[in-house]
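Engineer: This structure is in structure tokens; I'll ask about it shortly.
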Amino acid sequence: MRYVSTRGAAAPVGLSGAIAAGLAPDGGLYVPETMPRVDMPRSSGYLAGTAVHMLEPFFAGDPLAMELPAICAEAFAYPSPRRELRIDGTYLLELFHGPTAAFKDFGARFLAACLLRLRRHADRPLTILVATSGDTGAAVGAAFDGVPGIRVAILYPDQRVSPRQAHQLGSFGDNVRALRVAGSFDDCQRLVKAALGDAALQADVPLSSANSISLGRLLPQMAYFGHAALSAGQRMNTIVPTGNLGNAVACLWAREIGLPIGDVVFACNANETLPEFFAGRPYRARDAVPTIANAMDVGAPSNFERLRHLFGGDEATRRHGHAESVDDAEIRDTIHRHAVSDGEVFCPHTATGIRLLERLRMAGDRREWTVAATAHPAKFESIVEPLIGRRVEVPDALRTMLEREAQAEPMTAETRAFAQWLRDWH
């Protein structure tokens, strides 16, 4: 299996090369040269086993292929249950049972397991760059905390993540450092992309990425969608809360390789780049709008390149997806109403998916739907608890992380300043 850039101006590489690089030399994102088809057996009940079977074709011919079972065992060491809600014909795919209580734990741990094996004999440390709107950075920090030969720089928008998210981001060891950037998530993402594309900087400081632009993050995210679909008993129609489009693209890739996934709908917050595109208007990136579903505050979703590449153009892309916006008032109403009516407590991001499902029901859609629950509501206690009138129980792993000391360094949104910081990091 070879991987090519979405922009078509970089030479094909193997899987290990794509994972190690993060971003293609032409600035594009790596995608499979041809999308494989996978003949999946019925679910064995083990997420790691499903992941191995789904990902084998993507690892074909690569040095990491022999290690795929061990990589999956490390990454998928906790469950992703699909449970029925007390809402007619609705299931919740709980993706928040990992160490940082967010779906991104799966991809971060998978990437860490891959890079640890690829860097066994490296003579210089690799610096992983990750821009985060809240959850990605903590997942990556936890995955790489204390890993020899690898350093992590987490960039997050100052004052635009929840207090508990900010604490998580700065709570790791010496090889993981958090930078609070004076700007938006898109500014953080721009700094990361500029650094990865700076050949002179790369010569001084070997770099890679752990954002969803990294193939090593995206591929494993296919597994929990495929695993849930195999257990559903019918084609699984799925609502995916999304900002940077990584989780949504992973769901579509799982469908493309043959998993029984039906319609896929993208639930967005007040950032309307994707809803406007799927409504028929030209794609237009713009500055992110701050919302209470902050991990989805993205105005220029990187994985749109992968989405467009998958379907071969704008019109074909619109035929294979749908996106709608949910504003803060609707998010708050959804969280409050369901806590009162059926005892279900959702994080602000998951609530966008639940509200979108309610719109489908009002329009007469009575099909079975599965909503991806992206984070535990305890990560957003300052938003959720006033709406439901009680405390949200904190998972043990999250509580342990919050008990650590935390610190973050200030950083301007200037590419030169960030490049110099990387060179000065010893």
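Engineer: Find the accessible area per residue for the chain; the probe is 1.4 Å, ligands and nucleic acids are left out, and the unit is Å². Each step should come with its number before you reach the end.
Structural biologist: Numbers: 15990 Å² over 426 residues.
Dividing the accessible area of the chain by its residue count gives 38 Å².
Engineer: Charges on Cβ only, +1 for Lys and Arg, -1 for Asp and Glu, centred on the Cα centroid of the stretch 268-391; of G343, A293, A373, which one is farthest towards the dipole's positive end?
Structural biologist: Of the options given, the answer is A373.
Engineer: Moving on. Select from S325, V392, L360 the residue farthest towards the positive end of the dipole of the stretch 291-426; place +1 on Cβ of Lys and Arg, -1 on Cβ of Asp and Glu, and compute about the Cα centre.
Structural biologist: L360
Engineer: Can you give the calculated 222 nm mean residue ellipticity of the chain, where each DSSP H run of n ≥ 4 adds -39,500 (n - 2.57) and the sum is split over every residue, rounded to the nearest 500 deg cm²/dmol?
Structural biologist: Numbers: 18 runs with 180 residues, N = 426.
The helix-only estimate for the chain comes to -12500 deg cm²/dmol at 222 nm.
Engineer: Here's a follow-up. Charges on Cβ only, +1 for Lys and Arg, -1 for Asp and Glu, centred on the Cα centroid of the stretch 78-211; of L85, S208, G146, which one is farthest towards the dipole's positive end?
Structural biologist: G146
Engineer: At what distance in angstrom do the alpha carbon centres of the stretch 118-195 and the stretch 222-250 lie from each other?
Structural biologist: 26
Engineer: Please give the peptides 120-127, 228-235, 15-22 ranked by average Cβ packing (other Cβ atoms within 10 Å per residue), highest first, as a rough proxy for protection. List each step's numbers first, then the result.
Structural biologist: Working: 120-127: 12.0, 228-235: 18.0, 15-22: 22.4.
Packing order, densest peptide first, comes out as 15-22, 228-235, 120-127.
Engineer: Sticking with this one: Measure off, as a whole percent, the carbon and sulfur share of the 1.4 Å-probe accessible area of the stretch 1-103, all protein chains present. Before the final figure, lay out the partial values.
Structural biologist: On the way: 2480 of 4520 Å².
Ligands and nucleic acids excluded, carbon and sulfur give 55 percent.
Engineer: Dipole size in debye (nearest 20) for the chain around its Cα centre, Lys and Arg Cβ +1, Asp and Glu Cβ -1?
Structural biologist: On the way: 44 positive and 48 negative charges, 98 e Å.
It works out to roughly 460 debye.
Engineer: For the stretch 308-426, with only Lys/Arg (+1) and Asp/Glu (-1) charged at the beta-carbon, what is the dipole magnitude about the Cα centre, in debye rounded to 20? Don't jump to the answer; show the numbers that get you there.
Structural biologist: On the way: 17 positive and 21 negative charges, 69 e Å.
Magnitude of the dipole: close to 340 debye.
Engineer: Starting from the stretch 1-74, pick out the GluC sites (Glu not before Pro) whose DSSP state is loop and whose Cβ has at most 16 other Cβ atoms within 10 Å. Write out the running numbers ahead of the final one.
Structural biologist: Values: sites: E33, E67, E74; in loops: E33.
Here the GluC sites (Glu not before Pro) that fit, given the DSSP loop and packing criteria, are E33.
Engineer: Pick out, in residue order, every one of the trypsin sites (Lys or Arg not before Pro) in the stretch 1-99 that is DSSP loop and has at most 13 other C-beta atoms within 10 Å; say none if there are none. Can you show the working numbers first?
Structural biologist: Working: sites: R2, R7, R37, R42, R82, R83, R86; in loops: R2, R7, R37, R42, R86.
Hits after loop and neighbour filter: R37, R42, R86.
Engineer: Here is a follow-up. Kirkwood hydrodynamic radius, the chain, all distinct C-alpha pairs: what's the number in Å?
Structural biologist: On the way: mean 1/r = 0.0469 Å⁻¹.
Averaging 1/r across every pair of different Cα atoms and inverting gives 21.3 Å.
Engineer: Also, quick follow-up: Given a 1.4 Å probe and the protein chains all in place, what does the accessible area of T352 round to, in Å² to the nearest 10?
Structural biologist: 0
Engineer: A further question on this structure: Whenever you get a sec, compute what percent of the accessible area on the stretch 118-243 sits on carbon and sulfur atoms (1.4 Å probe). Working shown, then result.
Structural biologist: Numbers: 1680 of 3680 Å².
Answer for the stretch 118-243 is 46 percent, counting heavy atoms of protein chains only.
Engineer: Still on this model: For the stretch 271-337, with all protein chains present and a 1.4 Å probe, just round the carbon and sulfur fraction of the accessible area to a whole percent.
Structural biologist: Values: 1410 of 2830 Å².
Result for the stretch 271-337: 50 percent of the exposed heavy-atom area is carbon or sulfur.
Engineer: May I ask you to rank K379, K104, K193 by accessible area, largest first, using a 1.4 Å probe over the protein chains only?
Structural biologist: On the way: K379 0, K104 25, K193 65 Å².
So, going from the largest accessible area down, we get K193, K104, K379.
Engineer: If you put +1 on each Lys and Arg Cβ and -1 on each Asp and Glu Cβ, how big is the dipole of the stretch 56-203 around its Cα centre, in Debye rounded to 20?
Structural biologist: 260
Engineer: Now, a different point. Give the shape of the stretch 310-426 as rounded, prolate or oblate, defined through the alpha-carbon gyration tensor: a ≥ b ≥ c are the square roots of its eigenvalues, a/c under 1.5 means rounded, and otherwise the shape is prolate if a/b is larger than b/c and oblate if not.
Structural biologist: Working: a/c = 2.71, a/b = 1.26, b/c = 2.15.
Oblate, since a/c reaches 1.5 and b/c is not below a/b.
Engineer: Given a Förster distance of 35 angstrom, what is the FRET efficiency for E33 paired with Q234, based on the Cβ-Cβ distance and rounded to 0.05? Write down the numbers at each step before the final one.
Structural biologist: Details: r = 32 Å, r/R0 = 0.91.
Computed FRET efficiency for E33 and Q234: 0.65.
Engineer: Another question about this same structure. When the chain is modelled as a GNM with alpha-carbon springs shorter than 10 Å, which of P220, P386, P377 fluctuates the most?
Structural biologist: P386
The values are calculated or read from the model by the stated rules, or taken from the named source; none is laboratory data. Quantities reported herein were computed from a predicted structural model and do not represent experimental measurements. Glycine also receives a Cβ, built like all others from the backbone with ideal geometry; neighbour counts cover every protein chain displayed. When the accessible area is computed, the model is the full protein with side chains, heavy atoms only, and any ligands, DNA or RNA have been set aside. Shrake-Rupley method; radii C 1.70, N 1.55, O 1.52, S 1.80 Å.
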